[in-house]
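Participant: Right, I'll just put the structure down here and ask away after.
The values are calculated or read from the model by the stated rules, or taken from the named source; none is laboratory data. All of these numbers come straight from a predicted model, not from anything done at the bench. Virtual Cβ from ideal backbone geometry, glycine too; neighbours counted across all protein chains shown.
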Amino acid sequence: MIDLPNPRTIHDIETPAVLIDIDRATANIARAQANADKHRLKLRPHIKTHKLPYFARQQVDAGAVGITCQKIGEVEVMAEAGLADIFLPYNILGRVKLERLHALHGKITLSVTTDSAETLAGLAATFTDAGHRLKVLVECDTGMGRCGVQTAAEALELAKGIDRAAGLSFGGLMTYPAAGRAAEADTWLFEARDMLKDAGLDCQTVSSGGTPDIWRSGDTKVVTEYRPGTYIYLDRYQVAKGVGGIDDCALTVLSTVVSHPTPTRAILDAGSKAMSSDTLGLPDFGELVSIPGALVTGLSEEHGTVTLSGDAKLSIGQRVRVLPDHVCVVTNLFDTVHLISGETVVDILPVAARGRLT
């Protein structure tokens, strides 16, 4: 943590800046953990949203079995901070990355995924100690159209290959399903699990994720572990999906109105370098909190264009808080975030895993 005497309140913060409402984030953590506990699901939150050891520890303290990271650099940061059980659901390729992975395996409880013979071959050649095996899950494409084996038969073949490797152990199946298509994913995973069972392979873990369907995660009969990420902060996209309300959203971008060229157009000092241009299909880039009719409709590098409608009014020099469409990308744009409670600044944290993309 950065120990700074100032700012004391949000009114003292230079803009643009990221504000994290610590009370809302803590409540979101508790609510998701209670849901997982109710349905006897293991929760393994994805840290890609916050990239902060502070919140990763809070998630584990609340009952999570461990955390999920997407890149080795993120794992290294979290391991250094004392997080001891980390899942890396990504295809790791290349000598240097495999060596880094091997070093981490000696320090923490680590598990990874593969969806190809090529990735499996690299893992098998690097991890050869039968006394300290690396857990490997098979990634399955259950409808998202990204990574993953395409059929249950392919999952079985990879699982057999993992099981044959001296320094690896087959850990189960992993997927990231398309939003709203959890039932389709379940059908896929049931078939694969049964095929593995018939072949004598124990499918210890079936891991799924995605905040948009977090409240439906308990409907599944095959998933044993859930990996939500955005749930800790939420954003406009998640609100649109019914995950929570505006009052549950913990992250906002504090910005200043620097120009007001027309009655219906204002300009903020937060552009694409402070707010994500990833709208996730929404028509705008964000909305101004507590100012109905004020939407961020355009982003250039250092300017955010606000379109005003109805009774919405702004003035030059006014400080506003923007709720972005997609918070995960915003986190990676700032060196620090301000934890707040009400309008009081509780702490300023470095975004420890920012830019750890390798």
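Participant: Enumerate the pairs (first residue in the range 334-347 and within 20 Å of Thr49 (Cα to Cα); second residue anywhere and at pLDDT 95 or above and among the acidic types (Asp, Glu)) with beta-carbon separation below 8 Å, excluding pairs fewer than 6 apart on the same chain, so at least 6 apart or on different chains.
Facilitator: His338/Asp347; Leu339/Asp347; Ile340/Asp21; Ser341/Asp21; Ser341/Asp23
Participant: Could you tell me which numbered condition Arg321 fails, if it satisfies all but one of (1) surrounded by fewer than 16 Cβ atoms within 10 Å (Cβ to Cβ); (2) at negative phi; (3) not aromatic (Phe, Trp, Tyr)?
Facilitator: (1)
Participant: Any idea how many residues of the range 10-27 are under 14 Å from Leu333 (Cα atoms) and in contact with a helix residue (DSSP H, G or I) (Cβ under 7 Å, 6 or more places away or on another chain)?
Facilitator: Filtering the range 10-27 for residues under 14 Å from Leu333 (Cα atoms) gives 15-19.
Imposing the further condition that a residue be in contact with a helix residue (DSSP H, G or I) (Cβ under 7 Å, 6 or more places away or on another chain) reduces the set to 18-19.
Summing the residues that are under 14 Å from Leu333 (Cα atoms) and in contact with a helix residue (DSSP H, G or I) (Cβ under 7 Å, 6 or more places away or on another chain) in the range 10-27 gives 2.
Participant: Within the range 145-261, which strands (runs of 3 or more DSSP E) (wholly inside it) include 3 or more residues that are touching a residue at least 60 places away in the same chain (Cβ under 8 Å) and surrounded by fewer than 18 Cβ atoms within 10 Å (Cβ to Cβ)? Can you show your working first?
Facilitator: Working: elements: 168-175, 205-209, 225-227.
Fully inside the range 145-261 and qualifying: nothing.
Participant: Continuing with this model, one more query. Please pick out the residue among Tyr237, Tyr231 that is modelled with pLDDT of 95 or more, aromatic (Phe, Trp, Tyr) and touching an Asp or Glu at 6+ places or on another chain (Cβ under 9 Å).
Facilitator: Details: Tyr231 fails: touching an Asp or Glu at 6+ places or on another chain (Cβ under 9 Å).
Just a single option satisfies the conditions, and that option is Tyr237.
Participant: Moving to a separate point now. Identify all residues within the range 63-110 that are surrounded by fewer than 18 Cβ atoms within 10 Å (Cβ to Cβ) and of a type in the set (Gly, Ala, Ser); write none if there are none.
Facilitator: The answer is Gly63, Gly73, Ala81, Gly82, Ala84, Gly94, Ala103, Gly106.
Participant: Can you confirm whether the range 124-132 contains a residue that is farther than 20 Å from Thr205 by Cα, among the β-branched types (Val, Ile, Thr), part of a helix (DSSP H, G or I) and without any contact (Cβ under 8 Å) to a residue 24 or more places away in the chain? Walk me through it before giving the result.
Facilitator: First, pick out the residues of the range 124-132 that are farther than 20 Å from Thr205 by Cα: 124-131.
Next cut, among the β-branched types (Val, Ile, Thr) only: 126, 128.
Subset that is part of a helix (DSSP H, G or I): 126.
If we keep only those that are without any contact (Cβ under 8 Å) to a residue 24 or more places away in the chain too, we end up with none.
No: zero hits.
Participant: Any residue at all in the range 49-61 that is in a loop (DSSP other than H, G, I, E, B), crowded, with 19+ Cβ neighbours inside 10 Å and basic (Lys, Arg)? Step through it out loud before you land on a result.
Facilitator: Looking only at the range 49-61, we keep the residues that are in a loop (DSSP other than H, G, I, E, B), and these are 49-52.
With the extra rule that they be crowded, with 19+ Cβ neighbours inside 10 Å, the set shrinks to 49-52.
From what is left, the residues that are basic (Lys, Arg) are 51.
Yes, there is a match, as at least one residue in the range 49-61 is in a loop (DSSP other than H, G, I, E, B), crowded, with 19+ Cβ neighbours inside 10 Å and basic (Lys, Arg).
Participant: Related question: For Ser341, which of the numbered conditions (1) touching a Lys or Arg at 6+ places or on another chain (Cβ under 9 Å); (2) surrounded by fewer than 16 Cβ atoms within 10 Å (Cβ to Cβ) fails to hold?
Facilitator: With (1) touching a Lys or Arg at 6+ places or on another chain (Cβ under 9 Å); (2) surrounded by fewer than 16 Cβ atoms within 10 Å (Cβ to Cβ) applied to Ser341, the lone miss is (1).
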